[in-house]
1. Regarding E100, is this residue within 27 Å of the chain's Cα centre (by Cα), modelled with pLDDT under 90 and under 22 Å from N158 (Cβ atoms)?
2. Can you tell me which residue among E94, E151 is open to solvent by 40 Å² or more (accessible area, probe 1.4 Å) and assigned to a loop (DSSP other than H, G, I, E, B)?
3. Can you name the residue in the stretch 69-82 that is within 30 Å of G149 (Cβ to Cβ) and part of a loop (DSSP other than H, G, I, E, B) and is also modelled with the highest pLDDT among such residues?
4. What number of residues within the stretch 45-73 are within 25 Å of the chain's Cα centre (by Cα) and open to solvent by less than 50 Å² (accessible area, probe 1.4 Å)?
5. For E133, are the conditions met, namely being closer than 30 Å to N177 by Cβ, under 19 Å from the mean Cα position of the chain (by Cα), touching a residue at least 24 places away in the same chain (Cβ under 8 Å) and open to solvent by 40 Å² or more (accessible area, probe 1.4 Å)?
6. Answer with yes or no whether K85 is closer than 16 Å to I163 by Cα, of a type in the set (K, R) and either modelled with pLDDT under 90 or within 12 Å of the chain's Cα centre (by Cα) (or both).
7. Within the stretch 104-130, track down each residue that is without any contact (Cβ under 8 Å) to a residue 40 or more places away in the chain, open to solvent by 70 Å² or more (accessible area, probe 1.4 Å), closer than 22 Å to P183 by Cβ and in a strand (DSSP E or B).
Amino acid sequence: MSKKKIYAMMALVIVISILGTGTLAYFTTKALVHNVITSGGVKIELVETMLENGEEKPFPEETVSGVMPGQEVSKIVRVTNKDAKAWVRIRVTEKIKGGEDSENVLSINYNLGTAPTQWTQKGEWFYYNSPLENGETTDPLFKGVKLAGKEMDNDYQNATIEISVEAEGIQFANNENFDTAWPSGKVIQEAIY
């Protein structure tokens with residue numbers, strides 16, 4: 001075989017290789033997909049207000065003083081949902097400092113019932129009967145606290161009554177029933193005031 005034929009065959013092989021590579025590249029494709037998955041959240045806010053001269057205002061952070069036996073103090077307690085659909089519950093505890101510790105000193109009229117805008121008490125917790133969507137607020141658990149009248153004798157002068165309100169929220173997703181939604185011993189989202 002002559003050198004010309006060898007060079008011609010080599011050139012032909014190179015040309016076929018280049019064309020084959022170009023064709024291979026022509027039928028090849030590449031794609032990149034970037035997926036982001038974000039989990040939901042539970043965020044609630046405990047809202048305490050009071051009526052003053054017929055207007056609802058934030059409940060004062062400082063002590064309400066000068067309250068006399070038989071007097072009612074306006075204290076409106078609600079919960080607002082700030083994130084994904086959620087169930088909410090509230091626990092209220094009372095403590096008397098100075099004076100005899102008596103169950104008859106303080107009365108709270110709770111908004112209990114089976115209506116969707118009412119609360120159900122189970123043990124020490126009050127459960128709102130409906131889940132809250134983002135931005136929704138419960139109806140009040142209660143609107144006031146009243147001191148007993150005749151039952152409060154001089155032993156209660158200058159006594160301090162502390163009312164602690166604790167709220168918790170848990171996701172509605174996969175927890176359609178508030179009775180079974182709450183894990184025992186675990187706080188999901190807590191707001192204490």
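1. Details: within 27 Å of the chain's Cα centre (by Cα): no; modelled with pLDDT under 90: yes; under 22 Å from N158 (Cβ atoms): yes.
No, not satisfied.
2. Details: E94 fails: assigned to a loop (DSSP other than H, G, I, E, B).
E151 is the lone residue from the list that is open to solvent by 40 Å² or more (accessible area, probe 1.4 Å) and assigned to a loop (DSSP other than H, G, I, E, B).
3. Just the residues of the stretch 69-82 that are within 30 Å of G149 (Cβ to Cβ), to begin with: 69-78.
Next, from what is left, pick out any that are part of a loop (DSSP other than H, G, I, E, B): 69-71, 75.
On the way: P69: 85, G70: 86, Q71: 88, K75: 93.
Result: K75.
4. Result for the stretch 45-73: 7.
5. Working: closer than 30 Å to N177 by Cβ: yes; under 19 Å from the mean Cα position of the chain (by Cα): yes; touching a residue at least 24 places away in the same chain (Cβ under 8 Å): yes; open to solvent by 40 Å² or more (accessible area, probe 1.4 Å): yes.
In short, yes.
6. Numbers: closer than 16 Å to I163 by Cα: no; of a type in the set (K, R): yes; either modelled with pLDDT under 90 or within 12 Å of the chain's Cα centre (by Cα) (or both): yes.
Answer is no for this residue.
7. Of everything in the stretch 104-130, just one residue is without any contact (Cβ under 8 Å) to a residue 40 or more places away in the chain, open to solvent by 70 Å² or more (accessible area, probe 1.4 Å), closer than 22 Å to P183 by Cβ and in a strand (DSSP E or B), namely Q121.
The values are calculated or read from the model by the stated rules, or taken from the named source; none is laboratory data. Being a predicted model, the structure only gives us computed values, none of them experimental. Note that we place each Cβ from the backbone using ideal geometry, even for glycine, and neighbour counts take in every protein chain shown. These area figures cover heavy atoms from the full protein model, side chains too; ligands, DNA and RNA do not enter into them. Shrake-Rupley method; radii C 1.70, N 1.55, O 1.52, S 1.80 Å.
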